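S.K.: Structure in structure tokens, see below.
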Amino acid sequence: MTLTMADKGLATTIGWSDKDANGRSIAASNRAAIYRMRKWQIRTLVHSSQHRNLSIAMSEMDRLCSQLGVPSESKETSALIYRKALGKRLVRGRSIEGMVAAAIYLSCRIHKIPRQLDEIVTEAKVNRKELGQCVRLVLRNVPIKVPIPSANDLMPRISADLSLDGRTVQTAMSIINDARERGITAGKDPGGLAAAALYIAGIIENDRRTQREIAEAANVTEVTVRNRYKDLATSLKITIRP
């Protein structure tokens with residue numbers, strides 16, 4: 001059984017071929033009965049608007065999870081979040097694609113999978129504003145515990161894209177931890193913080209990458225990287241050598 005299928009994988013299937021399980025042709029006298037059973041089988045699968053909604057949503061969830069490389073465990077959580085939202089009628093007045101994307105984003109946060117909002121917007125059929133609205137709607141109305149996004153969760157993916165040394169990543173994580181202890185990270189975008197910490201760590205460990213390279217890997221602007229690294233360097237009293 002799986003939540004990622006509209007019928008949870010429990011529905012009966014009646015094939016379209018006029019042969020039985022052993023491959024023998026079905027007698028002409030029984031074909032009419034089989035046809036009627038097949039017709040009612042199809043009708044029962046789409047008898048409610050909720051089931052039709054789930055059929056569309058689970059198909060879109062398959063596509064989006066495949067594009068984003070979301071593992072099966074997180075996909076199951078996404079399906080559970082969407083079903084809860086559907087049960088509370090939160091999908092009414094919203095696009096199915098937007099609610100599916102929101103469920104996947106929140107599931108990634110729960111499982112600490114490094115996927116940013118902008119990454120999901122790139123693959124989803126919604127814009128950033130609509131996705132943000134759907135995420136807030138789910139958080140307000142569905143009883144799920146979603147951890148606050150952390151810059152450290154994004155480090156492995158960004159550093160892998162940049163082929164950074166492990167020592168550089170450890171230094172960047174230490175910078176973020178120090179910044180968190182001093183309350184510098186509050187209200188800041190995790191992507192921008194992760195990018196800035198990696199930029200500073202690259203200079204410290206002589207494993208440099210340009211601001212443009214880091215900005216592209218972190219899916220943020222160069223201005224964000226520049227502003228965040230200046231904030232971190234000033235607050236933590238880190239000397240940046242040009």
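S.K.: What number of residues within segment 102-139 are within 16 Å of Ala85 (Cβ to Cβ) and basic (Lys, Arg)?
M.R.: Summing the residues that are within 16 Å of Ala85 (Cβ to Cβ) and basic (Lys, Arg) in segment 102-139 gives 2.
S.K.: Looking at segment 182-192, which of its residues are crowded, with 17+ Cβ neighbours inside 10 Å and out of contact with any Asp or Glu (no Cβ under 9 Å at 6 or more places or on another chain)?
M.R.: Matches in segment 182-192: Thr185, Asp189, Gly192.
S.K.: Let me confirm something: among Ile176, Ile203, which residue is hydrophobic (A, V, I, L, M, F, W, C), more than 13 Å from Ser150 (Cα to Cα), at pLDDT 90 or above and assigned to a helix (DSSP H, G or I)?
M.R.: Just one listed residue meets the conditions, Ile203.
S.K.: Moving to a separate point now. Considering only segment 183-194, I want to know if a residue exists there that is over 23 Å from the mean Cα position of the chain (by Cα), over 23 Å from Ile120 (Cα atoms), part of a helix (DSSP H, G or I) and not assigned by TED's automatic domain parsing to the domain that holds Arg115.
M.R.: No, segment 183-194 has no match at all.
Residues checked against (1) out of contact with any Ser or Thr (no Cβ under 9 Å at 6 or more places or on another chain); (2) of a type in the set (A, V, I, L, M, F, W, C):
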| position | (1), (2) |
| --- | --- |
| Ile158 | yes, yes |
| Arg167 | yes, no |
| Gly187 | yes, no |
| Ala196 | no, yes |
| Asp207 | no, no |
| Glu216 | yes, no |
| Ile238 | yes, yes |
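S.K.: Also, I was wondering about something else. Taking the condition over 24 Å from the mean Cα position of the chain (by Cα) and of a type in the set (A, V, I, L, M), does Ile158 pass?
M.R.: no
S.K.: While we're on this one: Scan (1) in contact (Cβ under 8 Å) with a residue 24 or more places away in the chain; (2) surrounded by fewer than 18 Cβ atoms within 10 Å (Cβ to Cβ); (3) in a loop (DSSP other than H, G, I, E, B) for the single condition Val220 breaks and write down its number.
M.R.: Result: Val220 passes all but (2).
S.K.: On to the next question. What's the number of the condition Asp165 fails, among (1) under 23 Å from Cys65 (Cβ atoms); (2) more than 18 Å from the chain's Cα centre (by Cα); (3) not aliphatic (A, V, I, L, M)?
M.R.: Every condition holds for Asp165 apart from (1).
The values are calculated or read from the model by the stated rules, or taken from the named source; none is laboratory data. These numbers were taken from a predicted model, which means no experiment stands behind them. Every residue, glycine as well, gets a Cβ built from its backbone with ideal geometry; the counts of neighbours run over all protein chains shown.
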